[in-house]
Amino acid sequence: MNELNGKRILLGVTGGIAAYKAAELVRLLTKEGADVRVVMTNSGTEFIPPLTLQALSGNPVHTSMWDQSIPNGMPHIELSRDCDLVLVAPATANFMAKLAAGRADDLLSTLCLARDCPLILAPAMNKQMWENSSTQRNLDTLLQDGIHFVGPDSGIQACGEQGAGRMSEPGLIASEIISWLQPKLLQDRNVVVTAGPTYEAIDAVRGITNASSGKMGYAVAQAARDAGANVTLISGKTSLVPPSQARFISIISAKDMLDAVLNEVDHADIFISVAAVADFSVRNPSERKIKKSQQKLNIEFDETPDILKTVASRKNRPFCVGFAAESEDVEEYAKKKRMEKGIPLIVANLVTEALNSDTNSLILIDDDGSKTLPPSSKLEQARLLMTHISRLITKQ
Ligand code: PMT
């Protein structure tokens, strides 16, 4: 899917060694369908030739306030109109200082002042420059002015020093831009998402769990965040990094997950239960490691609490969405689960396609029937799910 189709992005390139990464950034943004216009400062052109960015973007690169090729002779106005956002990558300490002071002495700084769309900066500089109190003061000012930042990252710098100040990688910047430009269908809604497996201990070192990787649940959390929601992600153990800006609560067992959900759900507008919760827990788990013996080991199990059903049966319940992973007769079993749990929407998927994979094909089942989404990445599926949920909650 071209996530930036129809979007126009103005990329500003200022004078730092990370300017060479602007080429990859232009490539990634255009690959996603964006129309990228590049404006460079004079120092930017010292690090990467404008021709490279012209070839990759398919558009002329602008460097001068007095650009005669712009019909109305006002490039700072002409170029900043109809943009969905302005991204400056790399943004130097000097450029941040100019923006913080409201100075406009070249095309890029003037255009940033004249814009009527969001501005995102990806800073890049030596770590001492980044940590310098004047840069940090400028950062505070820019944040207060509503300017957004991606990075900087930490690591080895071009000068050989190590620390914060490296420009974020183009892939990360591009994915932040894609997130940023998603329609805000769930603006300011409080969304609680459960994800991953639960682990029910048998003894100090053994337990029962399942093969959920958490990928689907984390994608749902990210899609909800990108749709403008305040997200709380409650997750069993996975190897994934939670989406930034989501509140993250880590749990082990089904009981922990129930407690965490009940703590959060009072303020939730939407509850999405993607977790693969263990259906049984061990009655008396041993605190020590059970030794091998000749005797048969008998383990007694209790059913775990049904978290989704508990939430769905509350008086002031949020809009509840369940998931159902089935190995056969997917739709039929999922419809039954929707009824049993008393929820407006259940999302069915085939175990063999869904578990631990990067792609999925969801079936959305509600009062109006069922709708199958064509296979795609879990994030794309999750975005389509957010669109569906936003339609259902506005109908309520
Ligand atoms: O994590 P991945 O590798 O990406 O895999 C994703 C997934 C396959 C785990 C996910 O897409 C999915 O389908 N999750 C639901 C798994 C399932 O089949 O759950 P269930 O049939 O046991 O439960 C149905 C619903 O009730 C689910 O929303 C579940 O979260 C919830 N439930 C179940 C048991 C329980 N004790 N409490 C619950 O809340």
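Just a few scattered comments:
- Of all residues in segment 345-361, those that are more than 7 Å from the ligand (Cβ to nearest atom) and part of a helix (DSSP H, G or I) total 2.
- Checking segment 285-304 against the condition returns a match, with at least one residue being touching a residue at least 40 places away in the same chain (Cβ under 8 Å), surrounded by 13 or more Cβ atoms within 10 Å (Cβ to Cβ) and within 14 Å of the ligand (Cβ to nearest atom).
- Among the residues of this structure, residue 380 counts as one that is within 16 Å of residue 214 (Cα to Cα), more than 9 Å from the ligand (Cβ to nearest atom) and in contact with a Ser or Thr (Cβ under 9 Å, 6 or more places away or on another chain).
- Residue 246 being of a type outside the set (Ser, Thr, Tyr) and either within 11 Å of the ligand (Cβ to nearest atom) or out of contact with any helix residue (DSSP H, G or I) (no Cβ under 7 Å at 6 or more places or on another chain) (or both): no
- Residue that is nearest to the ligand (Cβ to nearest atom), among those in segment 205-223 that are in contact with a helix residue (DSSP H, G or I) (Cβ under 6 Å, 6 or more places away or on another chain) and of a type in the set (A, V, I, L, M): 216
- Screening segment 307-344 for residues that are of a type in the set (Gly, Ala, Ser) and part of a loop (DSSP other than H, G, I, E, B) and picking the one that is nearest to the ligand (Cβ to nearest atom) gives 327.
- Qualifying positions in segment 327-344 - farther than 16 Å from residue 275 by Cβ and in contact with a helix residue (DSSP H, G or I) (Cβ under 7 Å, 6 or more places away or on another chain): 327, 342, 344
- Some residue of segment 260-279 being of a type in the set (A, V, I, L, M, F, W, C) and away from the ligand (no atom under 16 Å from the Cβ): no
- The combined condition, being hydrophobic (A, V, I, L, M, F, W, C) and either closer than 30 Å to residue 128 by Cα or touching a residue at least 40 places away in the same chain (Cβ under 8 Å) (or both), is not fulfilled by residue 55.
- Contact map, segment 316-332: first residue free of Cβ contacts under 8 Å to residues at least 60 places away in the same chain, second residue polar (S, T, N, Q) and more than 13 Å from the ligand (Cβ to nearest atom), Cβ cut-off under 8 Å, separation 6 or more or different chains; pairs are 331/370.
- Here residue 203 clears all of (1) under 18 Å from residue 362 (Cα atoms); (2) more than 16 Å from the chain's Cα centre (by Cα) except the condition numbered (1).
- Helices (runs of 4 or more DSSP H) contained in segment 1-120 and holding at least 1 residues under 28 Å from the mean Cα position of the chain (by Cα): 21-31, 50-57, 93-101, 107-114
- Taken over segment 362-396, the criterion of being in a loop (DSSP other than H, G, I, E, B), out of contact with any Leu (no Cβ under 6 Å at 6 or more places or on another chain) and either touching a residue at least 24 places away in the same chain (Cβ under 8 Å) or closer than 24 Å to residue 340 by Cα (or both) is satisfied by 367, 368, 396.
- Some residue of segment 65-74 being buried (at least 20 other Cβ atoms within 10 Å of the Cβ) and either acidic (Asp, Glu) or assigned by TED's automatic domain parsing to the domain that holds residue 19 (or both): no
The values are calculated or read from the model by the stated rules, or taken from the named source; none is laboratory data. Just so it is clear, the model here is predicted, and its values are computed rather than measured. We place every Cβ from the backbone using ideal geometry, glycine too, and count neighbours over all the protein chains shown.
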